[in-house]
1. For chain A, how big is the tail of P(r) above 25 Å, as a whole percent of Cα pairs?
2. If you average the alpha carbon positions of segment A:175-217 and of segment B:336-389, how far apart do those two centres end up, in angstrom?
3. Once the piece of chain linking A:I278 and A:S119 is laid out straight, how much longer is it, given 0.36 nm per residue of separation minus the C-alpha distance between them?
4. What whole-number distance in Å separates the alpha-carbon centres of segment B:251-268 and segment A:25-63?
5. Quick check: pseudo-label points 7 Å beyond the Cα along Cα→Cβ at B:L48 and B:L327, how many nm apart are they?
6. Angle check, please: helix A:263-272 long axis (alpha carbons) against the longest principal axis of chain A (alpha carbons), in degrees 0 to 90, nearest 10.
7. Percent of Cα-Cα pairs more than 13 Å apart in segment B:234-276, please.
8. Of the cross-linked pairs A:K44/A:K209; A:K86/A:K212; A:K103/B:K132, which ones have a Cα-Cα span greater than 20 Å in the structure shown?
Amino acid sequence: MNASVVNIAAVSKSFGAQPVLDGVDWDIAAGKVVGLLGRNGAGKSTLLECALGLREVSAGDVTLFDDPATQLTDATRARIGYVPQKPDLFEWLTPLQLLAYFKAQYPRWNAAKVEGLLSRWGFDAAMRHKPIGIMSVGEQQRLSIIRALAHDPDLLILDEPVASLDPVGRRDFLRELIDDVIERDTTVIFSTHILSDLERVALDVAFLKDGKIALQSPLDELLESARRITGPGSTLSALRFADEIRREPGGAGIVSILARPSVAEMAALRVGGALLQIEPLSLEDLFVEVTK
Amino acid sequence: MNAYRQILKQSGYEMRSNGAWWAAWISAGLLAVACLGFFAASGKPELLGLIVLLPFGVFYCIWWTMFIQSAVRQNAPSHAQLVPYLRGRLIRVTAALWLAGALYGSLLGALFGHAGWGLLAVALFMLIFALKQRFPQAGSIPGVAILAYIFIPHPEFHLWLLLNGVGEPAVTAIGFPLMAIIGAVFLPSLYLGGGDRHRRWQTTFAYRLEAIRTGIMRESDTPESMHWNRLQRSAYTMSLKRVCADGATPAQMQMYALGPNAHWMMYAATPLVLLLLAIPARMLLQLSAFLSGLAPLYLTFIVMIPLGCFVQNVGISIYRTSTEQGLMQLAPGAVPASLFNRALARELLGGFFKLWLICAVSGVVLGRTFSGGEASWVYLLSLAGLMLPVSILLLRNYAAMGAPYGSSATALIAGGMLILTIASRSMKMLLWPQIWTAIGIASVLLTALLLVRGWRRMMAMPAAFPARRMA
């Protein structure tokens, strides 16, 4: 089993009287690529910020590469890349000046990768000398991603990295993520609402709901095993699944169950006969159902 | 070393990007001229060193203020937490720059035989400015010290006399290490290490810098200035209510659409309130001869600052409200495009000259009152007249305007005004008193010449609004 890169244990976080995270337990092993999903305001950004030690937690512990998140060593810092939801760049600089600044701060810097990304992502000579303050949000986001990748981090945390990118920018970013970052066995955690992107990239998916990780699973397994079972309440009330995600009564005595039935449970369902409707679920269906 | 060099370079980049670089050089140059005037007037050879040291010091101080603000922003919460070694480097660079500044101060003080006082004064200024970023209340320390100097009735209790009594070497030997300890304790709180507290402060800090840059305060972020801001806005609000009820020309209405910061009434409160407060204060206080000599210059300078703010904020407001301007252009009864620049220029210049009149009257009355009648009307009016050419900055090609320079323009105007008043003080010793009549007339003539030229050019330009559509 791979060593833990991020370990979040019983973490709670409140803003005043408003609880956002409620005893989150989450462990990310080295080399994992995890997509974090949740409704708007579910606390995804807060969770990622707590994971990085950017926010103090109200309760619980967070470690990154075995360092407490609030007391990271410089060696650990050098292993982390982060793309915030809103680009946090120095507006008075040009892209080249910004990259020179961070190059000077980091002990390891992949200049060839930076040059390659700048060239491929549309940073021509004029753009490289354009003040960041007058660049579009999408351009700033691309630069923010380049900065985060430049020191070949072992852990990359991306908070809605493609939200401001156009389809071409998104495609370029995903290609980079798949071809280079994930190939290097980098641990990646990213939040997004664009589920098609997540399906292309993520190996694991985690759903945040009511301040907890409601469901985490390898994406392929989840899509293969998750089923919506709909039928009369009288038939379904007797059924219990080992991995039941949600059970919801519908109208006219109909009940809907969201579950990941085992092979044996599936066989039992088939015996149940024609009264039951069993449907596979897409990621979007899952998102709607799990975060409902 | 490259990491430290990059940290230092950021304030230079920022100064270049917002125009403060030129403001710093021009201020330093003007100060060099002023020093030359002092030197020529006094004939003291030791003052020759001032010509080099003082402008350098001004430049260093401006740069220090930019550096601190830049360094605080470099230490953004995510960087403080995630960029290796950054926070420690920022702390070390800041400490080294403070020490270098203090040594410069001792060099400057040594010119007058007081290396210790020079060292302490510069070190204290730099420390207070840095403290002010984290604890804004620290910015009032110099004001409190000046007020204490004026109000404490018994000279034997004056801090300066007390310090002098202890002796320069002893005060320096105790004071400098004390400041170093305060700095060492305080620096980590200036460069916080991430977390919620850091984020909250950084947000407030960013709003404050934005307010300084744009002249626009958010009341919720600046509780200390809230009441004053409301008072200033109330003149605009009352005026808007009146024109909405009684009617106004489309051009006048267009000016209201730019917001309170572009309206001259917003800035009239400062000189008027100063006038109201200062006269009874003068009756109660007894000024030293030294303060009496400086008061007319200082007060004239203070009351003319609103003009610089007005000119700066007109540019910022026009830049920011281009969408609203488009809506106004679509409204029935909008000023036709062919007449627009004329109407706009007339409104802007009208506002400027009304405000100038209020500031000038306030400055002259205050100057006369505080100098005990020693400063002549012509002298004070001419000082106020030095601000007249600033009006030309209002006549520009708004359709193609770039991002406004923000605080650097105000800094340049305010700094230039202050330095010119100091220079004029030295010139007063050199030249015949009628020089002020000549300066006043020259200001008026120069303004008239510039305005005629600027007016013609603006009339030939494309319609100003919506602004920056051709940039």
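Please treat every number below as a calculation from the coordinates, not as lab data. Since we're looking at a predicted model, the values are computed, not measured. Cβ sites come from the backbone with ideal geometry, for glycine too, and all protein chains shown count toward neighbours.
1. 54
2. Measuring centre to centre over Cα atoms gives 64 Å.
3. Contour length minus the Cα-Cα distance gives 52.3 nm.
4. 48
5. About 6.5 nm, to one decimal.
6. The two axes meet at around 40 degrees.
7. 55
8. Numbers: A:K44/A:K209 9 Å; A:K86/A:K212 24 Å; A:K103/B:K132 31 Å.
Over 20 Å apart, Cα to Cα: A:K86/A:K212; A:K103/B:K132.
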